[in-house]
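Heads up, the thing below is written out as structure tokens.
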Amino acid sequence: MPKTKTHIKINITLAMPLGVAILFFATKSNITIISIFLLSLLYNTFVLNPDLDLARYIKPLSLRGFLYFPFIPYSWLFRHRGLSHSLILGTITRVIYILLLIFFGLYLWNVFNYASIGIREISSIYLKHLLWFIKSNKDLLLTVFASFFYGDLWHIVLDKYNTN
Ligand SMILES: [Zn+2]
């Protein structure tokens, strides 16, 4: 299994320049889309990648431990190199997980501020907001997801063919 440092090195030196070149020359994307792509790919490289299935083993008192902390339950759910290391499906599990984390955070915030609102009401309000957000930010969200998928692709291929 390649070390985290190898994944980071390969992503920064190969995946990022190639991804930007593809966006710039093949799809003629503008600077906003390219920036969103790069930021998402950086987040994918350092945090939101298939190795989140190891989050529970990261030393808690480190920067990585801090960034991985919200994903410890994710690593309880997915055994190492299982579903989290499968193309598209693995990416989808992480996107859904993040959405659930955001929902949970917002839910707690609501419980503390408006104790009378039930979870069903809150869920329907957030679902409406989420659908509205998806509708009005399609390009942005598609870029973010494509970037996560692209980063995961590099990760999975490297896991398969590099053993140090
Ligand atoms: Zn891996």
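The values are calculated or read from the model by the stated rules, or taken from the named source; none is laboratory data. Keep in mind that what you see is a predicted model, and the values were worked out from it rather than measured. Backbone-built Cβ (ideal geometry, glycine too); neighbour counts: all protein chains shown.
Annotations
- The residues listed here are ASP139, ASP152, ASP159; of these, the one that is more than 16 Å from the ligand (Cβ to nearest atom) and in contact (Cβ under 8 Å) with a residue 40 or more places away in the chain is ASP139.
- Note on region 37-57: residues that are over 17 Å from ILE98 (Cα atoms) and buried (at least 20 other Cβ atoms within 10 Å of the Cβ) amount to 1.
- Taking region 58-90 as the range and being more than 22 Å from PHE145 (Cα to Cα), within 16 Å of the ligand (Cβ to nearest atom) and modelled with pLDDT of 90 or more as the test, no residue passes.
- Some residue of region 61-69 being in a helix (DSSP H, G or I) and polar (S, T, N, Q): no
- Those residues of region 12-34 which are modelled with pLDDT of 95 or more and either polar (S, T, N, Q) or within 16 Å of the ligand (Cβ to nearest atom) (or both), in sequence order: THR13, ALA15
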